[in-house]
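What follows is calculated from the coordinates using simple rules that are stated; it is not laboratory data. Only a predicted model underlies this, so the values are computations on that prediction, with no experimental measurement involved. Every residue, glycine among them, receives a Cβ derived from its backbone with ideal geometry; neighbour counts consider all protein chains shown.
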Number of protein chains: 2
Amino acid sequence: MKINVLFTPVIADDLYFTGKTTVVIDVLRASSTIVAALQNGAKEIVPVGTVEFAVKVSGGMFGGQTLLGGERNTKKIEGFALGNSPLEYGQEIVAGKSIILYTTNGTKAIVKAKFSSGLFICAFNNIAAVAKHLVFLDNDIEIQCAGRSNNFSMEDTICAGKLISEIEKINTELSLTDSAKASLALSKSFGRSIFKMLAETEHGKLLFENGFEDDIKYCSKLNSSEVVPYFAGNVIKLLPENGLSLMNEKENIAN
Amino acid sequence: MKINVLFTPVIADDLYFTGKTTVVIDVLRASSTIVAALQNGAKEIVPVGTVEFAVKVSGGMFGGQTLLGGERNTKKIEGFALGNSPLEYGQEIVAGKSIILYTTNGTKAIVKAKFSSGLFICAFNNIAAVAKHLVFLDNDIEIQCAGRSNNFSMEDTICAGKLISEIEKINTELSLTDSAKASLALSKSFGRSIFKMLAETEHGKLLFENGFEDDIKYCSKLNSSEVVPYFAGNVIKLLPENGLSLMNEKENIAN
């Protein structure tokens, strides 16, 4: 199994992903928010590349059961119901809803990788679950870091490194490109305290300044969720088998 | 002093560099070759972005005292006098000559950064000399890694990290972006044996397969040169003061 990491979306064009197995990571905060929303019973997430398209989509499609969510430069967009904080996506708000999501980096990176044959969303919160599924698929993997305005971001890279490390625990026959090796090494150098690392990144500092310390705490929780978000037909849903296993989990807890 | 590292030339456009102090790194092999050529008495290097322009420039300008050098995908270009191996750029070949240089990644990255107010070329061979000059200038720094076909390359990033580490020895008041911190950390993880690291990178493996093991050895020598290549007026020369100090060194050795 070969693994490559793309540090920013600007490296590859849309067609690069055709037929590939891709994982998109935007720790702060789109991928953490998507995991939270699906965990809390959202029907689906519709990632969009522009605010205009978000507004257009929210009008007619999905039978009115939609919520507009997202941010531009960390701030909630005027007229949107929700921002990009995973803490806003509680069960009472999102259960059964279709959420149209626009964010500065993350949803654009997802839309760019739309021609992938399998496209998954990963955050620190669901690394082990995503790793398990990727090992099951046994395909070569492209990890697309959303980055920041087409630049490198430390937190996405370290999340990529931790994902590789998790895959390596199960499949030791990995072939890693330079960028994958670098991600793995960086996750070892900086990954001991994820919260501390996040708080010291460029993006983490900006979120702190804007009062989102609780978001950083939330996004730093390793494997707090079993959700594997899967993009198909332009929407992100739970993997079918993932939905079943989560239901079983809930039943087990209920019993 | 703020330091940022651009892992590939595709992240920033030409105008991004306007008025900035920039260092271009292409360890395998353009920047190592440029250092070698200037060390061995070449009058100047003219980096070009296309093979066609290389041929055009070599015809009329620089009074006939020109040599065409370069490669496409590691191979010497038909009709060119020299390839892109620093070992080809010996004193007997290059002394007094203007060298028109085209390479797959390196010279394009240099040409892209042409609007910088100060543009320097760095390889493992001349890290300490470049670091000393940058500390003297005391400007914010952009380190542009040439990468490979717009992708991340481990060797350029680790060279960037070692350059930052060398600057940090003299100026401890550095402000590092995410990518600069990552480069520094990677240089600590992988930089103990530069030869071994180079041989295991994607580009290093390709050079090995093509018989360039001696080039990798040459490029791995840390601080074997005091040369600081400086780009101005579309050509790369020795810094004036660098030329003087190198002459003094030679005189000292002669005496």
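State, to one decimal in nm and shortest first, how far the label point of residue B:170 sits from each corresponding label point in the other identical copies (label point: 7 angstrom along Cα-to-Cβ).
With the label placed 7 Å along Cα→Cβ, residue B:170 yields 5.1 nm.
Can you tell me which aspartates and glutamates have their Cα less than 14 Å from the Cα of residue A:237? Leave out same-chain residues fewer than eight positions away.
Counting by Cα, and skipping residues close in sequence, residue A:237 has these aspartates and glutamates nearby: A:44, A:226.
Cross-link list B:2/B:162; A:20/B:217; B:20/B:97; A:56/A:112; B:43/B:181: which exceed 25 angstrom alpha carbon to alpha carbon?
A:20/B:217; B:20/B:97; B:43/B:181
Quick one: which residues, 5+ away or cross-chain, put their amide H under 5 Å from the amide H of residue A:81? H built at 1.01 Å from N.
Amide H neighbours of residue A:81, under 5 Å, 5+ apart: A:68.
Please give the FRET efficiency for residue B:55 paired with residue A:206, using the beta carbon to beta carbon distance and R0 = 60 Å, rounded to the nearest 0.05.
With a Förster radius of 60 Å, E is 0.80.
Over 37 Å, how big is the tail of the calculated P(r) for the protein assembly as shown, in percent of all Cα pairs?
34
Using modelled amide H (1.01 Å from N, peptide plane; none on Pro or chain starts), what sits under 5 Å from the amide H of residue A:23, excluding residues fewer than 5 places away?
Long-range HN contacts for residue A:23: A:120, A:142, A:143, A:144.
Return the sequence-ordered ³J(HN,Hα) values of region B:71-79 in whole Hz as given by the Karplus equation 6.51 cos²θ - 1.76 cosθ + 1.60 applied to θ = phi - 60°, using x for Gly and Pro.
Karplus values, whole Hz, x for Gly and Pro: 8, 10, 6, 6, 9, 4, 8, 4, x.
Once phi is turned into ³J(HN,Hα) by the Karplus curve 6.51 cos²θ - 1.76 cosθ + 1.60 with θ = phi - 60°, what whole-Hz value does each residue of region A:83-98 show in order, with x for glycine and proline?
Result, rounded to whole Hz: x, 10, 9, x, 5, 7, 9, x, 4, 5, 8, 9, 3, x, 8, 8.
Run the numbers for residue B:13 and residue B:149: contour at 0.36 nm per residue of separation, minus the present Cα-Cα distance, in nm.
Full extension of this stretch gives 47.4 nm more.
Tally the DSSP beta bridges in the protein assembly as shown and give the antiparallel ones as a percent, rounded to 5.
30
For region B:102-255, what is one quarter of the convex hull surface built on the Cα atoms, given in nm²?
Computed as one quarter of the Cα hull surface, the answer is 10.3 nm².
Where the convex hull is taken over the Cα atoms of region B:1-126, what is its projected area averaged over directions, in nm²?
Its Cα hull, projected and averaged over all orientations, spans 8.0 nm².
Over the Cα atoms of region A:80-158, each weighted equally, I'd like the Debye log10 I(q)/I(0) at q = 0.14, 0.18, 0.24 Å⁻¹, rounded to two decimals.
At q = 0.14, 0.18, 0.24 Å⁻¹ the computed log10 ratios are -0.60, -0.98, -1.36.
In terms of modelled amide H atoms, which long-range or inter-chain residues lie less than 5 Å from the amide H of residue A:99?
Amide H neighbours of residue A:99, under 5 Å, 5+ apart: A:44, A:45, A:46, A:67.
Would you mind getting the Kirkwood hydrodynamic radius of region B:2-233 from its Cα pairs, rounded to one decimal in Å?
17.3
In whole Hz and in residue order, list the ³J(HN,Hα) couplings for region A:23-39 that follow from phi through the Karplus curve 6.51 cos²θ - 1.76 cosθ + 1.60, θ = phi - 60°; x for Gly and Pro.
The phi angles translate into 10, 9, 10, 9, 3, 10, 9, 4, 6, 5, 5, 5, 4, 4, 4, 5, 4 Hz.
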